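These notes are about the structure you will find just below.
Derivation of every value follows stated rules applied to the coordinates shown; laboratory data play no part. Only a predicted model underlies this, so the values are computations on that prediction, with no experimental measurement involved. Note that each Cβ is placed from the backbone with ideal geometry, even for glycine, and that neighbours are counted across all protein chains shown.
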Amino acid sequence: MHYLETDLEKRIHTLAQWMYGAPLESAEPNEGHRAIVELQEMGKLQFLISQNVDNLHLKSGIRKELLAELHGNIAKLRCKRCGMTVNRSAGRDVCRCGRALVRSVVDFGQSLPERDLALSFTHSRKSDLFVVAGSSLVVTPAANMPAEALRAGAKLVIINRGETPFDPHTHLRFHEKTGDVLPRAVKRLKRLMGLFE
Ligand SMILES: [Zn+2]
C-alpha cells in the first residue's frame with residue numbers, strides 16, 4: 001500500500017517537473033549561494049534563514065545545523081510526528097518512529113516546521129548584523145524576524161530589488177540583486193581579514 005502511494009507521489013512529482021520544463025533538483029547554486037558558503041567558511045555566518053525550497057543552500061555546502069528552511073525543501077520528506085527530515089532520494093516512506101513521511105514543502109495555510117522557526121527567532125534575537133538577501137519581507141513569520149533583530153540592537157542590511165516594509169529602518173540598503181552585491185562584499189571582507197585569493 002505504502003509502495004503504491006509513494007509510486008504515485010513520485011510519478012506526480014516527475015509530471016510536475018516535466019510541466020515545469022526543467023528538473024528543479026538539477027538547478028545549481030549561483031554566486032549568491034556561493035558567497036554565503038564563503039562567509040560560513042570564514043566563520044562569519046552564525047545562521048541562515050531561508051524561505052527557499054529549492055535545496056540549493058544545502059547543495060552549495062551550507063551546514064545543515066546553520067540553516068532553517070522555513071518553507072521546507074523539495075528534496076526532503078518530513079515526519080509529521082517527530083519532525084525528522086529524510087532525503088527524498090533515500091527512497092524511504094516511513095520514519096524511524098513509525099509514522100509515514102510526507103513532503104516537507106509547506107503549503108499555504110500549513111504551519112511551519114517548529115525547529116526551524118524556533119531557531120530562526122532565537123538567532124534573530126542574538127544577531128548583531130542581520131542581512132536580508134532577496135526577500136521582500138512580506139510573508140510572515142520571516143517578515144517579523146528583522147524586527148526582532150532590530151529590537152536586539154542589530155544592524156539591518158537589506159539587499160532586494162523591490163521595496164520592503166523595513167526600508168525606513170535599514171542601516172544600509174541595496175536595491176541591486178543579491179548576486180551583484182554579496183560576492184563583492186565577501187571579496188572585500190577577505191581583504192579586510194587578510195585572506196587573499
Ligand atoms: Zn518520526
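When each of the peptides 147-157, 50-60 is scored by how many other beta carbons lie within 10 Å of its residues on average, the order from highest to lowest is 50-60, 147-157. Partner lysines whose Cα lies under 23 Å from the Cα of LYS155, excluding those fewer than 8 positions away in the same chain, are identified as LYS44, LYS126, LYS177, LYS187, LYS190. Paramagnetic label reach from PHE121 (point 7 Å along Cα→Cβ; backbone nitrogen cut-off under 17 Å): within the stretch 57-80, residues 68-71. The charge dipole of the chain, taken about its Cα centre with unit charges on the Cβ atoms of Lys, Arg (+1), Asp and Glu (-1) only, comes to about 480 debye. With a point put 7 Å past each Cα toward its Cβ, work out how far LEU192 is from ASP128 in nm, to one decimal. According to this spin-label approximation, the distance is 1.2 nm. Based on C-alpha pairs under 8 angstrom that are at least 6 apart in sequence, the stretch 1-148 has a relative contact order of 17 percent. Quick check: Cα centre of the stretch 141-165 to Cα centre of the stretch 33-104, how many Å? Answer, in whole Å: 23. Using just its DSSP H runs of length 4 or more, each adding -39500 (n - 2.57), the chain gives a mean residue ellipticity at 222 nm of -11000 deg cm²/dmol after division by all residues. 3J(HN,Hα) couplings calculated from phi for the stretch 51-66 with the Karplus curve 6.51 cos²θ - 1.76 cosθ + 1.60 (θ = phi - 60°) are, in sequence order, 9, 7, 10, 7, 6, 6, 5, 5, 4, 7, x, 5, 5, 5, 6, 9 Hz; Gly and Pro show x.
Remark: spin-label model distance VAL105-TRP18 equals 1.7 nm, labels positioned 7 Å along the Cα→Cβ axis.
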